[in-house]
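Notes to accompany the following structure.
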Amino acid sequence: MTETLAETTPQSEEPIPAYPMPRASGCPFDPPPTAQAMHAERPVAKVRMWDGSTPWLVTGYADGRALLADPRASSQSTLPGFPHPNAGFRENASRRRSFIAMDDPEHARIRRMVTAPFAIKRVEAMRPAIQKITDDLIDAMLAGPTPADLVRSLALPLPSLVICTLLGVPYEDHEFFQEKSSRMINRHSSAEEMVAASDALTDYLDELIGVKLAEPADDMLSELAARVRSGELPRRDAASMGLLLLVAGHETTANMIALGTVALLENPDQLAVLRETDDPKVVAKAVEELLRYLTIVHNGRSRVALEDIEIGGETIRAGDGIIVYTGTGNRDAELFPEPDRLDIGRDARRHMAFGFGVHQCLGQPLARVELQVVYGTLYRRIPTLRLATGVDQLSFKHDGLVYGVYELPVTWTS
């Protein structure tokens with residue numbers, strides 16, 4: 001995938017950019033230069049996808065937020081015109097039911113089945129346990145050799161341990177589900193590879209639900225199993241819901257922990273604020289700004305128009321695909337002054353890092369607590385933490401649907 005412009009289409013005299021676009025090579029935290037240029041010149045415009053389709057890319061904050069809240073912009077990924085990131089996603093959409101790919105009222109009915117464990121009060125009650133996991137992982141990293149890989153030492157195991165506890169998935173299986181998850185969200189995976197990874201994870205969770213049917217426990221898979229037993233939910237659908245929660249529950253937070261650390265180390269004045277504070281409000285504000293600044297779900301939010309929609313001076317016709325590109329939306333200067341500057345003191349709560357509308361991320365309360373604990377602990381525990389290599393030597397996840405780094409070598413002064 002490149003940033004080169006595709007050839008002119010018969011419907012337009014303007015070249016249509018190829019999508020998705022890689023992040024900037026100069027500053028790996030910024031949105032793609034082509035997307036930034038589109039936002040400045042034509043914030044609602046068509047792009048060309050891998051399959052030749054030409055959905056609309058919406059790059060502004062206000063237009064994007066409006067579309068994500070508009071019931072005419074459907075999340076049903078099986079509808080013609082829906083813009084899939086690759087062939088594997090399109091194939092999996094035709095094979096599996098997922099509530100994130102449904103519209104209300106069915107979406108709301110099924111989502112309610114898994115909402116309770118992510119309620120703010122219940123998640124806040126988990127904070128001491130998350131703090132202990134974080135401290136234990138940091139202790140182990142400090143006791144080991146340097147440089148250490150922060151991804152393997154902290155960023156990946158922390159959310160994996162937490163989501164395993166919530167779901168009732170054995171953590172000792174983490175290498176299996178992490179590898180399959182990574183293959184599922186890699187844009188370079190073939191359709192066969194993605195379907196095979198998805199099938200393997202669904203089969204695995206189906207077996208676990210079978211265990212929970214026989215021996216219920218205090219976890220989410222047991223709750224889903226109870227709904228299978230009552231006839232509310234087919235067993236395979238319950239397994240698919242478990243797959244979504246497992247993958248989303250560790251991939252996004254893991255990447256935010258690692259990439260956020262890189263961003264802070266590259267902005268030492270901002271890091272100093274976090275390192276020197278014990279004020280939870282300061283830490284919470286920093287989390288929101290890092291979510292805005294990095295916007296790690298960098299493939300955007302896909303929809304398809306059920307009716308004609310007038311927006312941004314353009315008419316999106318019924319059946320047209322739509323991609324709301326939150327990376328540029330979260331860098332919209334109309335809402336966030338000096339948007340390309342990391343400023344952990346700003347009020348960034350209105351960002352769209354978790355999406356917007358009825359489909360905004362179910363697990364955002366949990367992600368916030370995990371990030372607050374890590375960002376509020378790591379840099380105070382290891383005040384001399386620094387990169388063990390140059391930023392230009394890091395391997396960034398340009399090929400994934402979730403942005404981050406594959407490895408993060410760090411060191412410190414003992």
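Just the residues that are open to solvent by 60 Å² or more (accessible area, probe 1.4 Å) and of a type outside the set (A, V, I, L, M), please, taken from the stretch 132-149. Matches in the stretch 132-149: LYS132, ASP136, ASP139, PRO145, THR146, PRO147. Among the residues of the stretch 355-384, those identified as part of a helix (DSSP H, G or I) and either on the phi > 0 side of the Ramachandran plot or surrounded by fewer than 21 Cβ atoms within 10 Å (Cβ to Cβ) (or both) are GLY357, VAL358, GLN364, PRO365, ARG368, GLN372, THR377, ARG380, ARG381. So in the stretch 167-197, with the set limited to residues that are aliphatic (A, V, I, L, M) and within 17 Å of the chain's Cα centre (by Cα), which one is surrounded by the fewest Cβ atoms within 10 Å (Cβ to Cβ)? The extreme case among them is ILE185.
Pairs meeting the criteria (first residue in the stretch 104-118 and among the aliphatic types (A, V, I, L, M), second residue not in a helix (DSSP H, G or I), beta carbons under 8 Å, at least 6 apart or on different chains) are ILE110/MET102; ILE110/LEU233; MET113/GLU232; MET113/LEU233; VAL114/LEU362. Take the conditions (1) open to solvent by 40 Å² or more (accessible area, probe 1.4 Å); (2) closer than 27 Å to LEU394 by Cβ; (3) acidic (Asp, Glu); (4) at pLDDT 90 or above; ASP30 misses just one of them, which is (1). Checked against the criterion of being modelled with pLDDT of 95 or more and under 22 Å from GLN270 (Cβ atoms), the candidates ASP320, ASP343, ASP308 yield just one match: ASP343. Within the stretch 392-413, the only residue that satisfies the criterion of being open to solvent by 30 Å² or more (accessible area, probe 1.4 Å), modelled with pLDDT under 95 and in contact with an Asp or Glu (Cβ under 9 Å, 6 or more places away or on another chain) is SER395. Could you check, for the stretch 319-335, whether at least one of its residues is closer than 30 Å to ILE163 by Cβ, surrounded by fewer than 19 Cβ atoms within 10 Å (Cβ to Cβ) and either touching a helix residue (DSSP H, G or I) at 6+ places or on another chain (Cβ under 7 Å) or among the charged types (D, E, K, R) (or both)? There is no residue in the stretch 319-335 that is closer than 30 Å to ILE163 by Cβ, surrounded by fewer than 19 Cβ atoms within 10 Å (Cβ to Cβ) and either touching a helix residue (DSSP H, G or I) at 6+ places or on another chain (Cβ under 7 Å) or among the charged types (D, E, K, R) (or both). Just to be sure before I move on: is MET113 part of a helix (DSSP H, G or I), in contact with a strand residue (DSSP E or B) (Cβ under 6 Å, 6 or more places away or on another chain) and open to solvent by less than 50 Å² (accessible area, probe 1.4 Å) in the structure I sent? Criteria not met by MET113.
The values are calculated or read from the model by the stated rules, or taken from the named source; none is laboratory data. Here the structure is a predicted model, which means the values were calculated and not measured. Glycine also receives a Cβ, built like all others from the backbone with ideal geometry; neighbour counts cover every protein chain displayed. To get the accessible areas, we keep the full protein, side chains included, count just its heavy atoms, and leave off ligands, DNA and RNA. Shrake-Rupley method; radii C 1.70, N 1.55, O 1.52, S 1.80 Å.
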